[in-house]
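All remarks here apply to the structure that follows.
Every number here is computed from the coordinates shown, using simple stated rules; none is lab data. These numbers come from a predicted model, not from an experiment. As a convention, Cβ positions derive from the backbone with ideal geometry for all residues, glycine included, and neighbour counts pool all protein chains shown.
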Amino acid sequence: KIESRPQRNRPLRVVDDSNLGNAKYFEYLFYIDFEASMADPRAQNALAELQEFTNFLRVLGSYPMDISPPI
């Protein structure tokens, strides 16, 4: 699932190893939600491909999938 949000008037604080947190303005933010293990090379390759097209990428989390049988 991909969602976009306009962001041009609201700065986003970006922190990485090279700075203490700069406010940056982006036209849009995109949220991408997909099912895959971060240990899966295909998921790692997909994120690496995304990184080539953007100057900011953040993984918000990776969570185990519920595999309980339906009741």
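For GLU35, neighbours were defined as the other residues whose beta-carbon sits under 13 Å from its Cβ, and their charges (Lys and Arg +1, Asp and Glu -1) total -1.
Rounded to the nearest whole Hz, the Karplus-based 3J(HN,Hα) values (6.51 cos²θ - 1.76 cosθ + 1.60, θ = phi - 60°) of the range 59-71 follow the sequence 8, 7, x, 9, 10, x, 7, 6, 10, 5, x, x, 8, with x at glycine and proline. The stretch between SER4 and ASN45, if pulled fully straight at 0.36 nm per residue, gains 12.6 nm over its current Cα-Cα span.
Each peptide among 42-52, 59-69 gets the average number of other Cβ atoms lying within 10 Å of its residues, and from highest to lowest they stand as 42-52, 59-69. Applying 1/(1 + (r/R0)^6) with r as the Cβ-Cβ distance of ILE32 and ILE71 and R0 = 35 angstrom yields a FRET efficiency of 0.70.
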